[in-house]
Amino acid sequence: MTRAIRFESFGGPEVLELREIEVAPPSEGEARVAHRAIGVNFIDIYHRTGLYPLTLPSGLGGEGAGVVTAVGPKVEHVKVGDRVAYTASSSLGSYSDERVIDARWLVKLPSAIDEKIGAAIMLKGLTAWYLLKRSFKVAPGDWILLYAAAGGVGLIAAQWARELGARVIGVVSTPEKRELALKHGCEHVLLDGDDIPRRVRELSNGGVPVVYDSVGRTTFYQSLDCLRPHGVLVSFGNASGKVEPFSLHELTRRGSLYVTRPTLYDFINERTSLEAGAAELFSLVEKRRLKIEVNQTYALVDAAQAHRDLEARKTTGSTILIP
């Protein structure tokens, strides 16, 4: 038996329950992982509320780090005793002491990276990787606009963008978060409520080539207004709700713009891509070119409180659960 967070209905944090469950032996292509740390992400809230539908009852969480305790047939890239980390789209269940997972998602952690950092960077760090190097390839000198710049993805993406030679304008909700973002790669940081399009156009001399927007519904048109002609809006989150349907004419009249709605797992579904992205991420962390801020730690039993704090925008950087 092991402990795991489960939920039987969609709703608020109160639907999350800690239960005792059986963990089956790993089947072909699977591995069993004993968690040392578990990543908490906004996508977990989307699953809990039903914004991203799934079959109930369900476990929760797609990011974690720990030690392999068993492997099934035909698993060759990891073995019992390996320290591993993962972010997985195909099965939820990282909010647990131990779980079985498709081994194709597992990558070995370098000795210099502990499990708490591993659990904090797989989803958020690989998201920063695909945003900056796949969805829109940031070049030296590019101005970029990054929402939630003091959040888990934001702090990593801003630092990585600076490594690539970009100039980063962040958007945050409080003066305290502004100071944090300025210390982690942002050249300028604007506050919610500012005239964002006007300030962005002033700072970037006419508009940015790319906006990375994780907020969604409430910032969509504002983000379009920050772009220069032929600019790209990368909408990669729904913190304020899904973007509502819009007329393509909105892109035409602002200068022939582009909009993309990517998801991480389309960029790491192939093992070679996952390994390439993880290798770049781990290298930057090991070289201390990325400072990872694990600013909130909760016990597994307190997962509901972690969700409350995340939704209330009380958190900065990465949040983890400890089994």
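The values are calculated or read from the model by the stated rules, or taken from the named source; none is laboratory data. Just so you know, these numbers come straight off a predicted model, no measurement behind them. Neighbour counts are summed over all protein chains in view; Cβ atoms, including those assigned to glycine, are modelled from backbone coordinates with ideal geometry.
Condition first: under 25 Å from Gln159 (Cα atoms) and either among the aliphatic types (A, V, I, L, M) or in a helix (DSSP H, G or I) (or both). Now tell me which residues in the range 79-97 satisfy that. The answer is Val84, Ala85, Ala88.
Restrict the check to the range 48-66 and report whether at least one residue is of a type in the set (D, E, K, R), surrounded by 23 or more Cβ atoms within 10 Å (Cβ to Cβ) and not assigned by TED's automatic domain parsing to the domain that holds Phe236.
Step one: of the range 48-66, the residues of a type in the set (D, E, K, R) are 48, 63.
Still in the list and also surrounded by 23 or more Cβ atoms within 10 Å (Cβ to Cβ): 48, 63.
Applying the additional criterion that residues be not assigned by TED's automatic domain parsing to the domain that holds Phe236 yields 48, 63.
Yes, that holds for at least one residue.
Scanning the range 181-222 for residues that are touching a residue at least 60 places away in the same chain (Cβ under 8 Å), in contact with a Ser or Thr (Cβ under 9 Å, 6 or more places away or on another chain) and in a loop (DSSP other than H, G, I, E, B) returns Ser214, Val215. Scanning the range 56-78 for residues that are over 21 Å from Ser318 (Cβ atoms) and assigned to a loop (DSSP other than H, G, I, E, B) yields Leu56, Pro57, Gly72, Pro73, Lys74, Val75, Glu76, His77, Val78. The residues of the range 241-268 that are within 17 Å of the chain's Cα centre (by Cα) and without any contact (Cβ under 8 Å) to a residue 12 or more places away in the chain amount to a single one, Asp266. Scanning the range 38-55 for residues that are in a helix (DSSP H, G or I) and β-branched (Val, Ile, Thr) yields Ile43, Ile45, Thr49. The set of residues in the range 72-81 being touching a Lys or Arg at 6+ places or on another chain (Cβ under 9 Å) and farther than 20 Å from Ala24 by Cβ consists of His77 alone. Highlighted here are the strands (runs of 3 or more DSSP E) found entirely within the range 98-180 that include at least 1 residues which are of a type in the set (D, E, K, R): 98-102, 167-172. On inspection, Thr297 passes the criterion of being assigned by TED's automatic domain parsing to the domain that holds Gly61, farther than 20 Å from Gly185 by Cβ, under 17 Å from the mean Cα position of the chain (by Cα) and surrounded by fewer than 19 Cβ atoms within 10 Å (Cβ to Cβ).
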